[in-house]
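Heads up, the thing below is written out as structure tokens.
The values are calculated or read from the model by the stated rules, or taken from the named source; none is laboratory data. Because the structure is predicted, anything quoted here is derived from the model rather than measured. Please note: Cβ atoms are built from the backbone with ideal geometry, for glycine as well, and neighbour counts cover all protein chains shown. With ligands, DNA and RNA removed, areas are computed over all heavy atoms of the protein, side chains included. Shrake-Rupley method; radii C 1.70, N 1.55, O 1.52, S 1.80 Å.
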Amino acid sequence: MTSEDVAAGLGICPAEAERACTELTTLGLLREEPGEPSAFAAVEPESAAERVIAPMERAIRAQRAAVETLRGRLQEYSRIYEERPAPGAGREGVEFIAALSATRAAIAELAARCETEVLTSQPGGGRRAEVLQEAIARDEAMLERGVSMRTLYQHTARFSQGTREYVERVSQRGAEVRTLDDRFVRLLVFDRKVAVIGVEDDPGAAIIVREPNLVHFILSTFELWWVSATPFPLEWNNRDVADISEQLKQRITLLLSEGLTDQSIATRMGMSVRTCRRHIAEIMDRLGVKSRFQAGYLLGSQRAATRPDTPPTSPVAD
């Protein structure tokens with residue numbers, strides 16, 4: 001039987017019959033007749049399967065054997081891995097984490113293992129609702145285990161309803177919360193052994209520090225912020241509001257005298273640009289000037305005229 005016979009018998013074109021014969025030959029269902037290259041003979045399907053599939057099965061078995069050999073070699077390193085120094089045991093205990101999900105997972109693990117103390121500083125004003133929701137369960141779990149907690153916010157966080165509710169809940173469980181007028185670094189410190197520091201230009205990234213000397217420096221810095229901060233009030237009164245508002249204006253006045261833009265001041269103070277500009281307008285009114293340029297020039301001149309041994313007076317003081 002030739003491809004021409006197939007074409008004539010099936011009523012198909014010679015090219016299609018040629019392709020069909022080639023495919024059946026590849027599957028082992030046709031074989032060329034000895035001495036007749038153009039003639040084919042049919043092969044029993046079971047015999048064809050044995051001849052075609054057997055080499056594939058041998059290749060699979062060989063591949064499986066290679067996999068098991070490689071698995072055994074890799075498992076030989078398990079003991080070496082398990083005997084490695086613990087993270088931070090050396091002098092290089094600094095790790096950079098780029099992804100937000102990895103950062104959250106690392107913080108959750110450190111919080112779960114925390115035994116005695118956690119210190120946190122959260123700049124930027126009021127925190128978002130989803131962040132507070134994630135934090136409250138984690139922080140209450142630590143407090144219920146007897147872990148002490150101290151947290152720093154900026155003054156502007158006092159005007160965030162969600163942040164106030166969070167502070168009230170953790171304070172009822174023994175946490176201490178204070179606020180500062182100026183910006184500081186975002187960080188967490190667990191058991192005075194491990195610190196997690198935020199990355200300025202990437203809110204999802206973090207640096208985990210276990211090197212003892214660096215952790216000590218971070219702790220010392222936190223303590224300086226802490227003694228300069230004021231307690232977060234759980235109940236509002238007009239005097240507290242006025243005092244905080246005045247502190248904010250004094251800090252904005254200083255930043256104005258340094259020539260910072262409205263956006264830069266707002267970011268540093270943890271407030272919106274709109275709120276910042278409202279404070280600047282009130283400062284300009286007190287100074288008796290009509291433009292921001294005049295305010296900056298006047299404040300800069302006052303700073304330059306102040307003698308080093310004379311305490312400066314605030315131009316916004318009553």
| Given H placed on each backbone N at 1.01 Å, which residues far from Gly126 in sequence or on other chains put an amide H within less than 5 Å of it? | Ala157
| said: Tell me the accessible surface of Glu258 in square angstrom (1.4 angstrom probe, heavy atoms of protein chains only), to the nearest ten. | reply: 90
| message | Quick one: 3J(HN,Hα) in Hz for region 275-282, Karplus 6.51/-1.76/1.60 with θ = phi - 60°, rounded, Gly and Pro as x. | response | 5, 4, 5, 5, 5, 4, 4, 5
| request: For Asp191 and Arg286, compute 0.36 nm times the residue count separating them, minus their Cα-Cα distance, and round to one decimal in nm. | output: 29.5 nm
| field | Förster-model FRET efficiency, 22 Å R0, Gln63 and Phe96, C-beta, rounded to 0.05 | value | 0.05
| Solvent-accessible surface ranking, highest first, for Glu68, Glu140, Glu168 at 1.4 angstrom | Glu68, Glu168, Glu140
| message | Could you give each residue of region 171-177 its phi-based ³J(HN,Hα) in whole Hz, using Karplus coefficients 6.51, -1.76, 1.60 with θ = phi - 60°, and x for Gly or Pro? | response | 5, 5, 9, x, 6, 10, 10
| note | Checked region 94-159 against the a/c 1.5 cut and the a/b vs b/c comparison, axes a ≥ b ≥ c from its Cα gyration tensor; verdict oblate
| field | Separation of the Arg128 and Glu144 label points, Cα + 7 Å toward Cβ, nm | value | 2.7
| query | What order do you get for 262-272, 51-61, 123-133 when each peptide is scored by the mean count of other beta carbon atoms within 10 Å, highest first? | reply | 262-272, 123-133, 51-61
| request: Considering only protein heavy atoms, with the full assembly of protein chains and a 1.4 angstrom probe, order Lys249, Lys193 by accessible area, largest first. | output: Lys193, Lys249
| note | Computed over region 154-214, the relative contact order (Cα-Cα under 8 Å, seq sep at least six) in percent reads 22
| note | Amide H proximity to Arg186 below 5 Å, modelled H, separation 5+ or other chain, gives Gly198
| request: Starting at the first residue of region 125-131, write each ³J(HN,Hα) from the Karplus equation 6.51 cos²θ - 1.76 cosθ + 1.60 with θ = phi - 60°, in whole Hz, x for Gly and Pro. | output: x, x, 8, 5, 4, 5, 5
| Amide H contacts under 5 Å for Ala39, placed H, 5+ residues apart | Glu33
| said: If each residue of separation counts as 0.36 nm, what is the full-extension length gain between Gln75 and Ala112 once their alpha-carbon separation is subtracted? | reply: 10.3 nm
